[in-house]
1. Look through Glu226, Glu241, Glu197 and report the one residue that is of a type in the set (Asp, Glu), modelled with pLDDT of 95 or more, in a helix (DSSP H, G or I) and open to solvent by 20 Å² or more (accessible area, probe 1.4 Å).
2. Could you check Leu283 against (1) of a type outside the set (Asp, Glu); (2) modelled with pLDDT under 95; (3) crowded, with 20+ Cβ neighbours inside 10 Å and say which number it fails?
3. Tell me, yes or no, whether region 72-91 has at least one residue that is part of a helix (DSSP H, G or I), out of contact with any Ser or Thr (no Cβ under 7 Å at 6 or more places or on another chain) and farther than 14 Å from Phe114 by Cβ.
4. Have a look at Tyr156, Tyr162 and point out the one that is surrounded by fewer than 24 Cβ atoms within 10 Å (Cβ to Cβ), touching a helix residue (DSSP H, G or I) at 6+ places or on another chain (Cβ under 7 Å) and among the aromatic types (Phe, Trp, Tyr).
5. Does Phe114 satisfy the condition of being open to solvent by 10 Å² or more (accessible area, probe 1.4 Å) and touching a residue at least 24 places away in the same chain (Cβ under 8 Å)?
6. Restrict the check to region 305-321 and report whether at least one residue is at pLDDT 95 or above, open to solvent by 40 Å² or more (accessible area, probe 1.4 Å) and over 25 Å from Arg244 (Cβ atoms).
7. Picking from Ala213, Ala255, Ala250, which residue would you name as being surrounded by fewer than 22 Cβ atoms within 10 Å (Cβ to Cβ) and modelled with pLDDT under 95?
8. Quick one: in region 120-134, which of the residues that are assigned to a strand (DSSP E or B) and not aliphatic (A, V, I, L, M) is farthest from Asn195 (Cα to Cα)?
Amino acid sequence: MTLKVGIFGAGHGGVTAAADLTKKGYTVTLYQSPDSKSDLSKLSESNEIILNGEPVKIHAFTRDVKEAVSGQDVLMLAIPAPAVEKVAENIGPHIEDGQHIYINSASAMCSIRFRNVMDKLGIDKDIKVGESMSLTYASRYNAETNEANLIGYNKYNLFAAYPAKDTDEMLEVLGGMYDFVKADTIIEVTLNNGNPESHPGPSILNAGRIDYAGDSFYLYKEGITEHTVNVVHKIDEERQEICRKLGYDAVDKSARSVRSGYFEEGKPLLKQFNESPMLRDILGPTHLENRYITEDVESGLVLWASIGDAVGVETPVMDAVITLTGVLLERDYFKIGLTLDKLGIEIKDAEELNQVMTG
């Protein structure tokens with residue numbers, strides 16, 4: 001049976017996923033929010049996407065949320081992590097029993113956040129919800145030319161459901177789409193999201209360069225230098241210690257990115273960033289109100305530091321980057337950022353946190 005997939009989020013990842021999964025034989029409906037400012041008129045007129053030079057005709061493109069949800073086997077949310085609650089509120093009233101909700105994003109405890117919205121809305125459906133470590137693709141989409149460039153796949157993408165008892169069933173359903181690696185819980189998935197350690201520190205240390213000429217700034221090959229890479233190393237060390245405390249594998253940034261296909265083996269971390277075939281030619285951030293900074297602090301570093309606090313791991317470098325980002329952007333990220341408390345999780349130690357995630 002051909003699975004029906006509704007994709008929510010018509011950005012780089014969502015459009016690429018729509019074309020890629022269609023080529024793999026799935027029946028795909030791509031949803032664009034009416035609030036979106038992106039002009040997808042070329043795509044909507046033909047239901048066609050140019051994927052790496054090849055025209056791919058998807059099943060449907062819609063701005064009607066009920067149409068996008070109805071009858072689908074899988075609902076994929078290819079969205080920024082901070083948008084999870086808003087999207088959940090939008091699609092929640094239309095969700096049907098038996099659907100599998102896959103959050104294809106930079107992991108930030110998105111599955112529990114989705115379920116929290118369902119509970120808040122009083123929606124009781126027999127659904128499964130899970131998330132991957134990161135977006136399944138390195139990709140870019142140009143709406144003006146309607147061309148999607150699939151640069152590569154994430155080759156080692158951790159996945160877990162919330163609660164974790166649903167992980168095996170979700171992997172059985174999603175396994176034909178992508179090659180996932182089973183994680184113990186969504187906490188492990190979240191702690192292996194590579195963005196919070198790679199993006200905010202080097203970005204804010206290049207704030208002057210970004211403010212002055214951000215339209216020509218390339219973080220990976222220009223902004224990560226012999227000095228700024230030290231911040232990445234230190235944040236990674238703190239993250240690894242949290243993983244150890246929780247009983248997860250503590251794999252360093254370099255090794256994790258090599259196995260995911262983003263870095264080349266046998267080089268120091270600095271050269272791996274600067275020379276990555278997958279990342280080096282990605283422009284940006286072009287301004288400080290960019291997801292590399294705002295999202296990866298608010299939904300990334302603040303959450304990691306919160307987990308560290310809960311299990312007794314100090315995170316001074318994470319805290320410093322969070323503080324300095326708040327100074328630059330004139331907001332208190334410790335106050336507005338995502339924490340375990342805001343997720344409704346109150347625990348005494350690492351063992352209790354893992355028990356909550358297992359269900």
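The values are calculated or read from the model by the stated rules, or taken from the named source; none is laboratory data. Just so it is clear, the structure is predicted and the values come from calculations on it, not from any experiment. Cβ placement follows ideal geometry from the backbone for every residue including glycine, while neighbour counts extend to all protein chains displayed. With ligands, DNA and RNA removed, areas are computed over all heavy atoms of the protein, side chains included. Shrake-Rupley method; radii C 1.70, N 1.55, O 1.52, S 1.80 Å.
1. On the way: Glu226 fails: in a helix (DSSP H, G or I); Glu197 fails: open to solvent by 20 Å² or more (accessible area, probe 1.4 Å).
Only one candidate qualifies: Glu241.
2. Here Leu283 clears every test but (3).
3. Taking region 72-91 as the starting set, the residues that turn out to be part of a helix (DSSP H, G or I) are 81-91.
Now drop any that are not out of contact with any Ser or Thr (no Cβ under 7 Å at 6 or more places or on another chain), which leaves 83-91.
Subsequent filtering for residues that are farther than 14 Å from Phe114 by Cβ retains none.
No, that holds for no residue.
4. Values: Tyr162 fails: surrounded by fewer than 24 Cβ atoms within 10 Å (Cβ to Cβ).
When all the criteria are applied, what remains is Tyr156.
5. Values: open to solvent by 10 Å² or more (accessible area, probe 1.4 Å): no; touching a residue at least 24 places away in the same chain (Cβ under 8 Å): yes.
Criteria not met by Phe114.
6. no
7. Details: Ala255 fails: modelled with pLDDT under 95; Ala250 fails: modelled with pLDDT under 95.
One residue alone meets the criteria, Ala213.
8. From region 120-134, those assigned to a strand (DSSP E or B) are 128-132; that's our starting set.
Applying the additional criterion that residues be not aliphatic (A, V, I, L, M) yields 128, 130-132.
Working: Lys128: 26, Gly130: 19, Glu131: 15, Ser132: 13 Å.
Per the stated criteria, the residue is Lys128.
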